[in-house]
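Beneath this line is the structure, given in structure tokens, with notes to follow.
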Amino acid sequence: MVRIIPMASTIGPSLSSFKFASASTSASASASPRLFSFSLSSSSCTIPSRRLSLLHLGSAVPQSHFFGLRAAKLLRREGNGMGVAAAGNAAQASTTATQENVLEWVKKDKRRMLHVVYRVGDLDRTIKFYTECLGMKLLRKRDIPEERYTNAFLGYGPEDSHFVIELTYNYGVDKYDIGTGFGHFGIAVEDVAKTVELVKAKGGKVTREPGPVKGGSTVIAFVEDPDGYKFELLERGPTPEPLCQVMLRVGDLDRSINFYEKAFGLELLRKRDNPEYKYTIAMMGYGPEDKNVVLELTYNYGVTEYDKGNAYAQIAIGTDDVYKTAEAIKLSGGKITREPGPLPGINTKITACLDPDGWKTVFVDNVDFIKELE
């Protein structure tokens with residue numbers, strides 16, 4: 001059924017006018033805050049005569065003798081402003097370079113999708129369906145009675161090398177609203193028809209019979225788990241990552257692609273438009289689609305918002321630095337919902353964010369994640 005192979009602000013004081021007989025001055029300062037940047041613009045000094053310029057630059061005669069004390073003070077202040085502005089420009093350039101460095105660092109960060117989290121109404125029932133019908137293994141289970149919830153981790157291989165599912169059961173809650181934004185999970189199998197037969201034999205629900213995908217040749221089918229989460233079965237050869245897709249619907253595909261490339265470091269693997277069925281998809285991941293889990297973003301023509309319900313929770317992604325990750329997310333227009341730092345009690349460093357559509361992602365420190373597993 002499922003066969004697995006090994007994992008391979010601006011400040012600008014300026015002298016706007018200066019008259020020889022009676023000095024009149026005009027100075028202005030304005031501030032414009034920017035995300036992670038602060039700039040000081042250079043100011044200008046306009047002196048209406050060449051003689052005045054020479055006196056200012058080369059004469060040892062006190063400035064107050066010619067222009068009055070007030071004017072001399074203004075000129076000195078102007079000179080100081082230029083010095084501050086120069087320093088400010090250097091600071092702005094440094095900040096811009098730092099921003100570029102952060103976004104460039106994202107591309108080099110060692111990232112991997114770790115698990116997807118969602119809520120179910122009957123943990124044992126769901127575990128039974130996933131193990132018996134979909135061929136997953138129960139990797140671990142933990143009960144947190146003081147917080148009144150239980151987690152179960154299931155997948156096709158160890159958590160330190162495979163993308164897995166984290167199920168959450170909250171005491172006493174037996175039903176959730178999946179909403180219209182979440183799409184499905186994808187599982188690669190060698191024989192879709194046989195897998196569908198097994199699902200039927202176990203009392204599972206098949207929502208699309210095996211057959212070629214619309215507009216393509218890949219054989220697929222759709223089944224539902226006991227809570228109504230859809231799974232797309234894709235016919236493929238042996239793969240190191242059978243749990244291969246998470247599909248989410250978005251309101252602006254180009255905006256989402258840009259965000260995930262810059263903030264998450266995901267690569268756009270392919271994009272396909274289906275005008276006949278009025279939707280476009282984009283596959284994004286950290287490696288080739290046949291060997292890694294991918295995020296499938298779907299845009300339905302004219303639909304800009306979706307109901308997210310309360311069932312689907314988030315994807316967790318590993319990173320070498322949650323602090324730099326949070327900075328990159330902010331620079332890319334994302335919203336940080338949990339500032340980076342260690343979790344109370346277990347000291348695992350995380351940060352959490354929302355994408356432009358409100359989908360949540362949690363980034364977990366790579367070293368801390370392995371320690372937690374141990």
**Request:** Could you tell me whether any residue of segment 251-264 is of a type in the set (F, W, Y) and under 30 Å from L134 (Cα atoms)?
**Result:** yes
**Message:** Checking Y323 against (1) touching a Pro at 6+ places or on another chain (Cβ under 8 Å); (2) open to solvent by less than 40 Å² (accessible area, probe 1.4 Å): exactly one of these is not met. Which one?
**Reply:** (2)
**Residues satisfying the stated conditions in segment 195-216, i.e. open to solvent by less than 70 Å² (accessible area, probe 1.4 Å) and not in a helix (DSSP H, G or I)** = G203, G204, V206, T207, R208, P210, G211, V213, G216
**Complete:** Of (1) within 18 Å of V116 (Cα to Cα); (2) open to solvent by 10 Å² or more (accessible area, probe 1.4 Å); (3) assigned to a strand (DSSP E or B); (4) of a type outside the set (D, E), L234 fails just (1)
**Message:** So, F163, is that one modelled with pLDDT of 95 or more, surrounded by 14 or more Cβ atoms within 10 Å (Cβ to Cβ) and within 19 Å of A311 (Cα to Cα) or not?
**Reply:** no
**Request:** Return the pairs, sorted by first residue and then second, in which the second residue is assigned to a loop (DSSP other than H, G, I, E, B) and at pLDDT below 95, the first residue lies in segment 139-164 and is closer than 17 Å to I370 by Cα, the beta carbons are less than 6 Å apart, and the residues are 6+ apart or on different chains.
**Result:** S161/M7
**Prompt:** Mind checking whether some residue in segment 332-340 is farther than 20 Å from K110 by Cβ, under 11 Å from the mean Cα position of the chain (by Cα) and in a strand (DSSP E or B)?
**Reply:** yes
**Request:** Please enumerate the residues belonging to segment 345-374 that are more than 13 Å from the chain's Cα centre (by Cα) and polar (S, T, N, Q).
**Result:** N347, T348, N366
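Every residue, every condition in (1) touching a Gly at 6+ places or on another chain (Cβ under 7 Å); (2) within 25 Å of F185 (Cβ to Cβ); (3) of a type in the set (F, W, Y), yes or no:
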{"position": "P288", "(1), (2), (3)": "no, yes, no"}
{"position": "L295", "(1), (2), (3)": "yes, yes, no"}
{"position": "Y301", "(1), (2), (3)": "no, yes, yes"}
{"position": "Q314", "(1), (2), (3)": "no, yes, no"}
{"position": "T319", "(1), (2), (3)": "no, yes, no"}
{"position": "K324", "(1), (2), (3)": "no, no, no"}
{"position": "T351", "(1), (2), (3)": "no, yes, no"}
{"position": "F363", "(1), (2), (3)": "no, yes, yes"}
{"position": "V367", "(1), (2), (3)": "no, no, no"}
**Fill in**
A careful count of residues in segment 250-305 that are outside any strand (DSSP E or B), polar (S, T, N, Q) and either open to solvent by 10 Å² or more (accessible area, probe 1.4 Å) or within 19 Å of E232 (Cβ to Cβ) (or both) gives 3
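The values are calculated or read from the model by the stated rules, or taken from the named source; none is laboratory data. Given the structure is predicted, the values throughout are model-derived calculations rather than measurements. Neighbour counts are summed over all protein chains in view; Cβ atoms, including those assigned to glycine, are modelled from backbone coordinates with ideal geometry. Surface areas here come from the heavy atoms of the whole protein model, side chains and all, with no ligands, DNA or RNA. Shrake-Rupley method; radii C 1.70, N 1.55, O 1.52, S 1.80 Å.
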